[in-house]
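Asker: Structure below; questions to follow.
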Amino acid sequence: MRARVWIISTVIASIGVAAFAHNGATGIVKERMDGMSAMGKAVKVLTPMMRGKTSYDADQVRASADVMIMHSGEQMTRLFPEGTGAKPSSALPTVWEDWDGFAELAENLKSYAEGMKLGADIGLANAAGQQSSSMMGGAASGSMGGGMMGGAEQAMTPEMFAAMPSDRAFAAVAQTCSACHQKFRAEEN
């Protein structure tokens, strides 16, 4: 589980930083690239903490979650009006072809980041005395899968994630980012 979170979060962080490479972006495209970069930086800060490689800092978790909350949900979707997919944007046409799916992922990201913020004082699963594969391998991933891919299951609420160790909510955030990037973002050349 931790290896999967590490891989996903490393990819997300590099994608966020890659947004700086977009030369010539202006207006709303630059605004959304800046937001994605800010979230990528937040993930990059949290990744070693969630892996237990650096000291856990609940205040940093809350600050990073605030960055994600500020750039997700409706704040994110408003930055994708039709006709803004041309270069230097990395947005694929699927953003507008599957707007409901895109908007759902943006809302899920906000919800999961809110849960991570609310549960920041819990700490990491191992520190909280929980097995590392319990929550995300079971109920959370099933619910997230339904929410991310349009299944019948209901996405988890911030309150549900607030009761979990922070690394579980972080895994949900990272998986949501990854799912969105896979479907709605062109790969960098």
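All of the numbers you see were taken from the coordinates with simple rules; none came from a lab. Please read these numbers as outputs of a predicted model, since none were measured by experiment. For neighbour counting, all protein chains shown are included, and Cβ atoms are generated from backbone atoms with ideal geometry for every residue, glycine included.
Asker: Sort THR47, THR157 so that the residue with the fewest other Cβ atoms within 10 Å of its own Cβ comes first and the one with the most comes last.
Answerer: THR157, THR47
Asker: Efficiency by 1/(1 + (r/R0)^6): what FRET value for ALA63 and LYS183, r their Cβ-Cβ distance, R0 = 35 Å, to the nearest 0.05?
Answerer: So, using R0 = 35 Å, E works out to roughly 0.75.
Asker: Quick one: order MET70, MET160 by neighbouring beta-carbon count within 10 Å, fewest to most.
Answerer: MET70, MET160
Asker: Report, by chain and number, residues whose modeled amide H sits under 5 Å from the one on ARG185, excluding near sequence neighbours (fewer than 5 apart, same chain).
Answerer: Under 5 Å from the amide H of ARG185: LEU92.
Asker: By the scheme Lys and Arg +1, Asp and Glu -1, what is the net charge of all other residues having a beta-carbon under 13 Å from that of ALA103?
Answerer: Summing Lys/Arg as +1 and Asp/Glu as -1 gives -3.
Asker: To continue, here is another question. Check cross-link reach from LYS53 to the aspartates and glutamates: straight Cα distance under 16 Å, and skip same-chain residues fewer than eight apart.
Answerer: Correct list for LYS53: ASP167.
Asker: Follow-up question, since we're still on this one. Going by how many other Cβ atoms sit within 10 Å of their own, how do SER55, SER64 line up, fewest first?
Answerer: SER55, SER64
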